[in-house]
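What follows is one structure encoded as structure tokens, with my remarks underneath.
The values are calculated or read from the model by the stated rules, or taken from the named source; none is laboratory data. Keep in mind that this is a model prediction, so the values were computed, not measured. Cβ coordinates were reconstructed from backbone atoms using ideal geometry, including for glycine residues, and neighbour counts include every protein chain displayed.
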């Protein structure tokens, strides 16, 4: 995992993503004008002995692209880490920066795309160029039993990687069998669009991780 993390942080393969992540890091958001942005590829984070893998889409421009850790420093991460804490996977209910003491037990968080994409929309070529990193993470997670996908993009990627046959319809709470007896568990992404509109509530997100805990053992 350390080798993968170093390679992710140093990767400059996709010129559009490199230009965007670095421009965001230079121009910054007003609220973070005194922050030094990470502005590199963001590796996975968590417990290498995890039985649960949580898969998002890509780093947020002013979240993980700023802090250098997945789902750290933005409202989506606030929701996710509160839920992981309530489910017993995180030692604290929030995360603001890499040195804040957050630790995960039994869970690993990653994404198919490791750089913040413009408009949160990576191209298929960018997604495919980044997949070897996620494949190596998957290969290192020897105890993996459950994959929680946050949103349809993550479901598509993980089904293509570990599923067989027609991809199941995405729905919050839906389950499907993956290779090796592992289980795919779907959740709406804790984006502001979903949480502000009530499409995703905290009890709905909690239910996903309670079920993940049951399945993972």
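Overview of results
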{"quantity": "Any chance residue 78 is at pLDDT below 95 and closer than 29 Å to residue 28 by Cβ", "calculated": "no"}
{"quantity": "Residue in region 23-40 that is under 20 Å from residue 129 (Cβ atoms), at pLDDT 95 or above and crowded, with 24+ Cβ neighbours inside 10 Å present", "calculated": "no"}
{"quantity": "Pick from region 190-212, criterion over 18 Å from residue 86 (Cβ atoms) and touching a residue at least 24 places away in the same chain (Cβ under 8 Å), ranking: farthest from the chain's Cα centre (by Cα)", "calculated": "192"}
{"quantity": "Among residues of region 117-134, those that are in contact with a helix residue (DSSP H, G or I) (Cβ under 7 Å, 6 or more places away or on another chain) and either under 16 Å from residue 66 (Cα atoms) or surrounded by fewer than 16 Cβ atoms within 10 Å (Cβ to Cβ) (or both), counted", "calculated": "2"}
{"quantity": "Selection count, region 80-116, where residues are in contact with a helix residue (DSSP H, G or I) (Cβ under 6 Å, 6 or more places away or on another chain) and crowded, with 19+ Cβ neighbours inside 10 Å", "calculated": "10"}
{"quantity": "Index of the failed condition, residue 66 passing every other in (1) crowded, with 23+ Cβ neighbours inside 10 Å; (2) modelled with pLDDT under 95", "calculated": "(2)"}
{"quantity": "Residue in region 165-172 that is within 19 Å of residue 46 (Cα to Cα) and in contact (Cβ under 8 Å) with a residue 12 or more places away in the chain present", "calculated": "no"}
{"quantity": "Selection count, region 143-163, where residues are within 15 Å of residue 182 (Cα to Cα) and either assigned to a helix (DSSP H, G or I) or free of Cβ contacts under 8 Å to residues at least 24 places away in the same chain (or both)", "calculated": "7"}
{"quantity": "Matching entry among 171, 125, 129 (being closer than 26 Å to residue 85 by Cα and at pLDDT 95 or above)", "calculated": "171"}
{"quantity": "Subset of region 151-177 (residues that are under 21 Å from residue 49 (Cα atoms) and buried (at least 19 other Cβ atoms within 10 Å of the Cβ))", "calculated": "158"}
{"quantity": "Helices (runs of 4 or more DSSP H) wholly inside region 1-87 that include at least 3 residues being within 27 Å of residue 146 (Cβ to Cβ) and within 11 Å of the chain's Cα centre (by Cα)", "calculated": "75-86"}
{"quantity": "Residue in region 35-54 that is in contact with a strand residue (DSSP E or B) (Cβ under 9 Å, 6 or more places away or on another chain), in contact (Cβ under 8 Å) with a residue 60 or more places away in the chain and under 15 Å from residue 190 (Cα atoms) present", "calculated": "yes"}
{"quantity": "Failed item, numbered, when residue 61 is tested on (1) under 28 Å from residue 12 (Cβ atoms); (2) out of contact with any helix residue (DSSP H, G or I) (no Cβ under 8 Å at 6 or more places or on another chain)", "calculated": "(2)"}
